[in-house]
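Notes follow the structure.
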Amino acid sequence: MMNSTLAYVQGRRTWFVENLVVWGVDNDAEFLLAVSEGAGSDTRVGILSASLGGQRQAVSFSSLTDSRGNQLPDHIKKPSVVIIPRDRRGAFLKTILGETGFVVAKSEADGPSAAVDLLIVETGL
């Protein structure tokens with residue numbers, strides 16, 4: 001009895017999200033810049049980020065609704081995102097933004113947008 005209870009408590013949550021429109025493109029880049037400024041004997045160092053290139057599409061988990069009509073939670077612990085293309089135009093996962101979301105993109109040659117399905121799995125508690 002103990003093992004089945006433990007397995008239930010450690011169960012992983014899974015969501016299937018249909019028809020996400022991907023418009024972000026893959027030719028963007030984000031740079032971190034270190035800037036120093038001196039005025040007299042004072043010197044300051046600043047860290048900046050600058051985006052260059054295409055359009056970045058960041059998706060938060062809380063903005064998605066699964067195939068059953070349930071809104072996804074704000075935070076998903078150790079998420080794994082699988083992209084399932086709906087047609088020949090594919091998309092890919094650029095990065096996971098911690099427990100709150102992810103960044104998706106498509107090839108610029110594939111036109112203005114691509115529709116995909118998502119399988120999101122919480123892999124750790």
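Computed from the coordinates by the stated procedures, all read-outs in this text should not be read as laboratory data. These figures come from a predicted structure and were not determined experimentally. Glycine also receives a Cβ, built like all others from the backbone with ideal geometry; neighbour counts cover every protein chain displayed.
Here are a few things to note about the model shown:
- Among residues other than R89 with Cβ under 12 Å from its Cβ, the summed charge is 0 (Lys and Arg +1, Asp and Glu -1).
- Placing +1 on the Cβ of every Lys and Arg and -1 on the Cβ of every Asp and Glu, with nothing else charged, gives the range 82-125 a dipole about its Cα centre of roughly 160 debye.
- Normalised by the number of residues in the chain, the average gap of Cα pairs under 8 Å and 6 or more apart makes the relative contact order 34 percent.
- Shape call, the range 43-107: gyration tensor on alpha carbons, a/c limit 1.5: oblate
- Between the labelled values (1) 29, 13, 12; (2) 27, 20, 16; (3) 35, 24, 10, the entry that holds semi-axes √(5λ) of the Cα gyration tensor in Å as derived from this structure is (3).
- Charge tally around T123: other residues with Cβ under 15 Å, Lys/Arg +1 each, Asp/Glu -1 each, net +2.
- For the range 14-112, a simple Cβ point-charge model (Lys and Arg +1, Asp and Glu -1, everything else neutral) yields a dipole of about 340 debye relative to the Cα centre.
- MRE, 222 nm, helices only [DSSP H, n ≥ 4, -39500 (n - 2.57), over the chain, to nearest 500]: -1500 deg cm²/dmol
- Dipole of the chain, positive end: most advanced residue of N27, A91, I47 [Cβ charges, Cα centre]: A91
- Net +/- balance of residues flanking G101 in space, Cβ distance below 13 Å, scoring K and R +1, D and E -1: 0
- Among R56, R89, R68: highest mean-square fluctuation, GNM of the chain, C-alpha pairs under 10 Å: R68
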